[in-house]
Amino acid sequence: MDKGYFGDITWMGFSGKTIPKEIQNTFNHVIKARNLAIKFIEEELSKNRYPRGIDVDNVVRNYFKKYDIEKYFIHGTGHSLGLQKCHGEQFNLNQKGEKNLMEEVPFTIEPGIYYNNKFGVRSEIDCYIKNKKLKISGKIQDEIILI
């Protein structure tokens, strides 16, 4: 018997005394992109529209394009969460995501920038829509944790 949906969360930490400026700047871009995706979904829901995954992904992708870092955004913005496995099959927030987000189907928003052989930064939250309102489960990371 299914007991509930999977969760999928990523938090960023840095081991050291001071976060390097390049990592902090990348983190700031990722957080801004994540927040723009949240805002876009909320605005669409306020207009009684359930956005398609591709539309949410485009918000993130277009933000990264403005800063010439979209080539380092090597995966989609998110995915639905499943009952049998982490990645659900209801919809994806990526360039092929033609399906609309749905009520009460949890999903991730997880933009990330990955510099090959250097470092990567991701911010990932889980959320769902209930009564045409976006609900976010858990805390949202806005600062890198020093370890």
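Restricting the range 126-147 to residues that are surrounded by 14 or more Cβ atoms within 10 Å (Cβ to Cβ) and in contact with a helix residue (DSSP H, G or I) (Cβ under 7 Å, 6 or more places away or on another chain), which is nearest to ILE38 (Cα to Cα)?
Residue satisfying both the conditions and the ranking: LEU134.
Mind checking which residues of the range 108-134 are aromatic (Phe, Trp, Tyr) and more than 24 Å from LYS65 (Cα to Cα)?
The one that is aromatic (Phe, Trp, Tyr) and more than 24 Å from LYS65 (Cα to Cα): TYR128.
Got at least one residue in the range 19-27 being in a loop (DSSP other than H, G, I, E, B) and closer than 22 Å to GLN141 by Cα?
Yes.
Kindly indicate whether TYR67 is closer than 13 Å to PRO111 by Cβ and either surrounded by fewer than 13 Cβ atoms within 10 Å (Cβ to Cβ) or modelled with pLDDT of 95 or more (or both).
yes
The values are calculated or read from the model by the stated rules, or taken from the named source; none is laboratory data. None of these values were measured; they are calculated from a predicted model. Because the Cβ atoms are built from the backbone with ideal geometry, glycine has one as well, and the counts that use them run over all protein chains shown.
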